[in-house]
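Accompanying notes for the structure given below.
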Amino acid sequence: MHQTPSRNWQAFTRLHFSGETRLSPISVEPDVTSAIYTTQLQAGLGLVAETKALLDLWIPGMNTGELQEVARQSGSFPMITARRLRNIVTECFAPRYLVSGASPASHLKMLMASVPIADLMQLMLLFTSRANPILGDFVREIYWPRYAGGYQQVSNEEARAFVERSIDDGLTSKRWSDTTVRRVAGYLTGCCADYGLLEKGLRSNRRILPYRATPTASAYLAHDLHFKGLGDNALLTHQDWQLFGMAREDVINELKRLALKGHLIVQAAGDVVRIGWKHQSMEALCDVISKG
């Protein structure tokens with residue numbers, strides 16, 4: 001799996017576990033390679049409803065062109081032009097959900113009928129952030145530090161400053177125009193609103209909403225990283241957890257809660273953590289989750 005490197009930073013997240021609020025440091029490993037930010041979010045932000053509709057139509061083995069044609073003929077997108085639908089399928093749905101053998105699409109399709117929309121939205125955030133490194137870094141570097149600092153809002157101006165710093169840091173293939181910077185800033189806050197981190201609506205300042213990883217999202221991410229080959233201790237500090245404001249100790253505590261649900265076994269002694277994995281594949285995990 002491609003891991004998007006983040007610039008060196010340290011954030012603190014205010015999380016609510018066991019009725020307590022505490023600040024947890026998030027440590028980030030140094031950059032190894034450079035991630036290139038793009039403007040691909042301009043093709044579509046969270047697209048929660050559209051993603052669900054496309055998952056309904058998609059079947060394993062269906063490629064992008066076939067999905068586009070099936071979607072066009074389905075009547076499920078009466079208010080969307082053929083050109084817009086093509087952009088949604090090729091520029092949004094495919095890079096997010098038809099990668100890695102289309103496993104994201106397969107897993108979401110298995111879960112979609114039985115889990116709450118909040119669970120699906122958190123998994124969509126995960127896949128969208130992997131496909132769009134600029135979004136993942138924005139959540140890690142801007143959203144969570146402001147959440148932890150007790151701020152009430154995230155503004156488009158703060159998003160714009162983040163984009164400008166990213167350009168200065170060489171994270172784009174070329175410098176963007178002021179118009180592009182302004183638009184991308186709006187895409188970032190709008191996408192966060194679509195996925196439930198910020199309030200929705202057309203506004204330049206968005207209220208920060210309470211946000212915490214659901215058990216389904218946590219179970220999925222832990223097993224996904226495991227089956228991608230990460231060792232137990234490396235898994236605990238993977239940057240994908242930071243999308244949910246979680247540092248190593250938070251992840252350990254979350255895994256212990258998952259153990260109580262029978263998903264895995266956790267043994268922690270000092271700095272060493274061993275995890276016993278009960279599910280033999282991602283499909284087996286999704287099957288168990290979908291059956292409640």
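Evaluation of LEU125 against the conditions (1) under 23 Å from GLU91 (Cα atoms); (2) open to solvent by 10 Å² or more (accessible area, probe 1.4 Å) shows that the sole unmet condition is (2). In the set (1) in a loop (DSSP other than H, G, I, E, B); (2) buried (at least 16 other Cβ atoms within 10 Å of the Cβ); (3) at pLDDT below 50, ALA35 fails one condition alone, (3). Pairs are defined by a Cβ separation below 7 Å, a sequence spacing of at least 6 or placement on different chains, a first member in region 58-69 that is free of Cβ contacts under 8 Å to residues at least 40 places away in the same chain, and a second member that is open to solvent by 80 Å² or more (accessible area, probe 1.4 Å) and in a helix (DSSP H, G or I); the pairs so defined are GLN68/ARG86. Scanning region 249-292 for residues that are open to solvent by 60 Å² or more (accessible area, probe 1.4 Å) and either in contact with a Ser or Thr (Cβ under 6 Å, 6 or more places away or on another chain) or of a type in the set (A, V, I, L, M) (or both) yields LEU260, ILE265, ALA269, VAL272, VAL288.
Within region 85-113, the residues that satisfy the criterion of being at negative phi, in a helix (DSSP H, G or I) and open to solvent by 60 Å² or more (accessible area, probe 1.4 Å) are ARG86, GLU91, LYS109, MET110. Take the conditions (1) in contact with a Gly (Cβ under 6 Å, 6 or more places away or on another chain); (2) over 20 Å from GLN242 (Cβ atoms); SER129 misses just one of them, which is (2). What about ALA234, is it among the small types (Gly, Ala, Ser), open to solvent by less than 10 Å² (accessible area, probe 1.4 Å) and under 23 Å from SER129 (Cα atoms)? It is false that ALA234 is among the small types (Gly, Ala, Ser), open to solvent by less than 10 Å² (accessible area, probe 1.4 Å) and under 23 Å from SER129 (Cα atoms). Selection of region 128-152 for residues being touching a helix residue (DSSP H, G or I) at 6+ places or on another chain (Cβ under 8 Å) and open to solvent by 10 Å² or more (accessible area, probe 1.4 Å) yields ARG130, ALA131, GLU141, ILE142, ARG146.
The values are calculated or read from the model by the stated rules, or taken from the named source; none is laboratory data. In this text the structure is predicted, and so the values were computed from the model without any measurement. Don't worry about glycine lacking a Cβ; one is built from the backbone with ideal geometry, like all the others, and counts go over all protein chains shown. Side chains are part of the model used for accessible areas, which takes the heavy atoms of the whole protein and leaves out ligands, DNA and RNA. Shrake-Rupley method; radii C 1.70, N 1.55, O 1.52, S 1.80 Å.
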